[in-house]
Each structure stands twice: as C-alpha cells, then as structure tokens.
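Right, one structure below, let's go through it.
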C-alpha cells in the first residue's frame with residue numbers, strides 16, 4: 001500500500017513538473033530565419049543543403065507541412081507573430097523600406113503604417129507580464145523610434161542588427177539604441193548573433209525566459225564564410241538541378257548557430273523545459289536581387305513578395321524534449337497570427353490581446369496526430385514587391401485557395417491537395433466555390449478594415 005502511495009505521489013510530481021502542466025513555465029526559444037524557403041532544409045527534402053542541427057530538431061519533435069507566414073514580406077509577418085493580428089488589421093502591410101510603384105499599373109500601392117505601434121501588445125509584453133525574462137537577438141524590422149523599439153515592446157535584453165544589416169562583415173549591433181558592437185571584416189554576423197543568444201541564455205537561466213533569435217541569414221546579400229564553401233563547390237557538378245553554393249554555405253552557418261544554442265541549453269540542463277521553434281519570416285527569394293538567384297522553390301509557384309505558395313509557405317518545427325513526441329509530422333494548417341494564442345493557451349495565460357486574429361494550435365502540440373480544423377486563413381499584400389509581386393490577396397479554406405488580383409479583379413482557384421504548384425486554375429470549373437471564397441475574402445477585408453490600393457490618376461490604357 002505504501003509503495004502504491006509513493007508511486008502515486010511521484011506521478012503527481014511528474015505531471016506538475018512536465019511542460020504541459022501549469023506549475024512550471026517552459027522557456028521559449030523562437031528561432032527565425034530571414035527569407036528561408038519551404039524547400040530549403042534537408043528535413044524538408046532539399047538534397048543540396050546541409051542542415052543537420054535543424055534536421056535534428058525535426059527528428060526530435062514536430063514538423064509542420066502546412067505552415068504559413070502572414071505576409072509574403074518580412075515586417076508584416078514579424079508584426080503578426082508579435083501581436084497575433086493580421087497585417088491588414090495593423091495596416092502594416094509592407095516591409096519597412098518598401099516604396100515600389102509601377103507607373104504602368106492602374107493602381108497605386110496602398111497607404112500603410114511603417115512601424116509597429118507602441119499601443120500594440122506584443123508576445124514579449126505578455127510573457128514579461130507573466131514572469132518571463134525577454135530577449136531579442138538579431139533583426140527587429142518593426143520600427144527604430146523609441147516608442148517602437150524592442151525595449152519599448154517588451155524586450156528587456158536586446159542585441160539588434162543596426163547599420164548595414166545586409167552586409168555580414170560590415171555591420172553594427174545596438175542595445176537600447178546604442179552601439180555595442182561594430183564589425184569591419186572580422187566577425188561573421190550569423191556567428192555574432194549566436195554569441196549573443198548564448199550569452200542571453202546564461203544570463204537568464206535562473207527564471208523562465210523567452211529568446212527571440214532572428215537571424216538575418218539567408219537574406220541577400222549572399223555573403224558566406226569562406227571556410228564553408230569548399231564542400232558546396234566540390235559537389236556542385238553532382239547535381240543536375242544546380243544550387244547556389246553561397247546560399248548553401250550561409251544556411252550551414254545558421255544551422256551551426258542553432259546547434260550551439262541547443263548545446264548551451266543541454267549544458268545547462270534546460271532542454272526538457274525549453275520549447276524550441278524554428279521557422280522563417282516568409283518564403284525564399286527565387287529571382288536575382290543584389291546578386292545571383294539564391295534558391296529554387298520548385299514545385300511551389302513564385303517566391304517572396306507573392307501570395308502564391310512560394311511566397312508564403314514556410315518551414316516550421318517545434319521541439320520540446322519529453323513533451324512533444326519525436327519524429328512527428330502534422331498536416332494541420334497554421335499561420336503566423338497563431339503563435340500568441342498558442343503560447344497563451346499553453347501557459348494558461350488569459351490573453352490580453354482581445355482583438356487578435358490567431359487560433360491556438362496548442363492541441364496539435366499535445367497530440368500531433370489529431371486533425372484540428374483551422375478555418376480560413378487570409379493574406380493581403382496591396383503593394384508592388386521588389387520581387388515582381390503585385391497587389392493581391394488570397395484566402396485558403398480547407399484544400400482550396402483563391403488568389404485575387406487587386407489590379408484586374410481576376411480570380412484564380414486552386415486545390416492544394418493535388419496541385420501544390422498552383423498550375424491548374426479551377427475558377428471556371430468550380431464557379432460556386434470561387435464565388436464562396438471570393439466573398440469570404442471580401443468580407444474579411446471589410447472586417448479588418450484592410451488598406452486597399454488607390455486609383456492611379458496618371459494611368460492610361462493606351
């Protein structure tokens with residue numbers, strides 16, 4: 001009888017201390033790549049790139065096959081992660097420096113907000129208010145003014161890329177707006193960001209912490225470490241479909257960084273109480289910009305800056321030792337707005353961001369094999385991108401996805417279950433489904449008060 005009692009007490013203790021219990025708050029390490037495509041990781045089927053540490057996270061955890069960014073460019077997708085709101089609701093619908101126009105078009109890009117308003121409640125603020133230390137390392141890209149800086153959006157520790165964010169050997173790092181490090185050709189940016197991430201883990205390990213590690217890699221310019229190139233150049237001729245060795249080497253450096261972060265957590269006995277997330281801010285870049293084409297996203301259509309799959313479908317991995325089963329794959333659909341709701345439910349936090357658009361996928365983390373209906377998800381990009389994207393919107397409901405051009409009004413309908421390349425427009429064959437999704441998209445834009453393109457007064461049809 002005494003033995004049964006002791007076993008019962010031990011079981012209760014294990015439940016209370018497990019990550020899915022409410023008595024112990026797990027650390028959260030959220031790692032985000034910049035412009036990493038869905039097809040770029042080895043664990044997602046890429047035959048060229050070496051990403052063993054990220055692959056290990058997938059092997060030891062849960063890999064999503066239907067994860068999406070909330071926008072095909074970076075600032076809006078990052079805002080959605082931080083707030084749980086669609087970029088259209090925030091009117092933060094383009095990357096901070098986006099100003100592109102097309103005088104040949106009948107529309108001008110929509111007016112938009114170029115920073116994340118200080119009134120918005122961020123994931124960092126929510127976690128900080130609930131006993132977490134909060135830190136950001138890397139790219140913020142949501143505003144540099146005092147009111148919109150990371151330290152005024154909930155982050156206590158910040159090491160943010162400042163000057164020359166696209167130059168991996170000529171950049172600066174700031175903290176609270178002040179320069180704390182400046183490089184001139186000696187310390188590779190990806191490695192330096194990892195150094196700060198390791199520093200933050202050691203400074204914060206005494207209590208629950210949130211680390212938002214946002215690498216700039218593999219964003220152009222494609223500047224790798226020289227010692228990473230030999231393998232890729234040596235193996236270049238082996239592949240019929242050619243790849244970019246510089247891009248591959250940059251991925252390997254980022255993968256090394258992920259390995260160092262995981263090793264630091266293990267060294268401090270933190271792995272069993274740390275959720276590790278790896279993802280990308282939007283799709284990869286599939287055309288030449290500041291150098292040769294970085295990557296090939298086939299069979300997906302298009303790339304960054306487009307609301308087709310290549311611009312918005314992204315890798316997503318959750319790893320949590322002892323809490324998420326190993327070697328799990330889920331086809332459940334998630335989008336960048338869903339993180340705030342998910343973490344709030346996981347931690348038992350009453351979500352203060354009442355107007356959020358996200359839906360928690362916490363049940364999928366607990367039981368990856370179950371089917372959890374996400375409902376419709378939406379995209380709104382009323383701009384001209386640097387990557388030839390044009391003003392458009394999209395909605396996905398189940399396996400069907402509708403794309404609408406804001407210039408011509410043209411509607412395209414795809415069944416993603418058997419056409420992931422979006423090559424077969426079904427709008428003429430399925431007019432009722434097309435009408436249903438088009439109305440859904442229109443109603444959603446009205447609900448969130450989406451900012452729309454304006455009429456171009458100088459446009460001429462001639």
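Read-outs: derived from the displayed coordinates by stated rules, not from any lab. These numbers were taken from a predicted model, which means no experiment stands behind them. As a convention, Cβ positions derive from the backbone with ideal geometry for all residues, glycine included, and neighbour counts pool all protein chains shown.
So how far apart, in nm, are the two label points at residue 418 and residue 272 if each is 7 Å from Cα heading toward Cβ?
Modelled inter-label distance: 4.8 nm.
What nm value, rounded to one decimal, do you get for the distance between residue 207 and residue 376 when each label is placed 7 Å out toward the C-beta?
Modelled inter-label distance: 4.3 nm.
Tilt of helix 189-204 relative to the longest C-alpha principal axis of the chain, in degrees (0 to 90, nearest 10)?
So the helix axis and the longest Cα principal axis differ by about 40 degrees.
When only alpha-carbon atoms count, how far does the chain stretch along each of its three principal axes, as whole angstroms with the largest first?
Here the spans come out as 87, 54, 50 Å, largest first.
FRET efficiency for residue 287 and residue 367, Cβ-Cβ distance as r, R0 = 60 Å, nearest 0.05? Numbers along the way, then the final one.
Values: r = 40 Å, r/R0 = 0.67.
FRET efficiency, residue 287 to residue 367: 0.90.
Restricting the count to DSSP beta bridges whose residues both fall in the chain, what percent are antiparallel, rounded to a multiple of 5?
Values: 33 of 61 bridges.
Taking every DSSP beta bridge within the chain, about 55 percent pair in antiparallel fashion.
Could the peptides 253-266, 369-382, 298-311, 169-182 be put in order, highest first, of the mean number of other beta-carbon atoms found within 10 Å of their residues?
Details: 253-266: 20.4, 369-382: 18.4, 298-311: 24.4, 169-182: 15.1.
Going by the mean number of other Cβ atoms within 10 Å, highest first, we get 298-311, 253-266, 369-382, 169-182.
Angle check, please: helix 245-267 long axis (alpha carbons) against the longest principal axis of the chain (alpha carbons), in degrees 0 to 90, nearest 10.
For 245-267 against the chain, the angle is about 30 degrees.
Could you work out the relative contact order of the chain, using alpha carbon pairs under 8 angstrom and six or more residues apart, expressed as a whole percent? Don't skip to the answer; put the middle values down first.
Details: 1035 pairs, mean separation 113.7, N = 462.
For the chain, the relative contact order is 25 percent.
Relative contact order of the range 92-200, please, whole-number percent, based on alpha carbon pairs below 8 angstrom and at least 6 residues apart.
On the way: 150 pairs, mean separation 20.1, N = 109.
Relative contact order for the range 92-200 comes out at 18 percent.
Could you sort 211-222, 82-93 so that the peptide with the highest average Cβ count within 10 Å comes first and the rest follow in order? Mind showing how you got there, number by number?
Working: 211-222: 24.3, 82-93: 27.1.
For the peptides 211-222, 82-93, the packing ranking is 82-93, 211-222.
Find how much the distance from residue 325 to residue 349 grows on full extension, using 0.36 nm per residue of separation minus their present alpha carbon separation; answer in nm with one decimal. All intermediate terms of the calculation are to be shown ahead of the outcome.
Working: separation 24, 0.36 × 24 = 8.64 nm, distance 2.39 nm.
Contour length minus Cα-Cα distance gives 6.2 nm.
If you fit an axis through the alpha-carbon atoms of helix 431-448 and take the longest principal axis of the Cα set of the chain, what angle between them do you get, 0 to 90°, nearest 10?
70
At a Förster distance of 56 Å, what's the computed FRET efficiency of residue 235 paired with residue 435, Cβ-Cβ distance as r, to 0.05? Present the calculation step by step, with values, prior to reporting the outcome.
Details: r = 50 Å, r/R0 = 0.90.
Plugging the Cβ-Cβ distance into 1/(1 + (r/R0)^6) gives 0.65.
Hey, what number do you get for the chain at 222 nm if only DSSP H runs of n ≥ 4 count, each worth -39500 (n - 2.57), divided across all residues, to the nearest 500?
On the way: 12 runs with 126 residues, N = 462.
Mean residue ellipticity, 222 nm, calculated: -8000 deg cm²/dmol.
What FRET efficiency do you get for residue 144 and residue 104 if R0 is 45 Å and r is their Cβ-Cβ distance, rounded to the nearest 0.05?
Values: r = 33 Å, r/R0 = 0.74.
After rounding, the FRET efficiency stands at 0.85.
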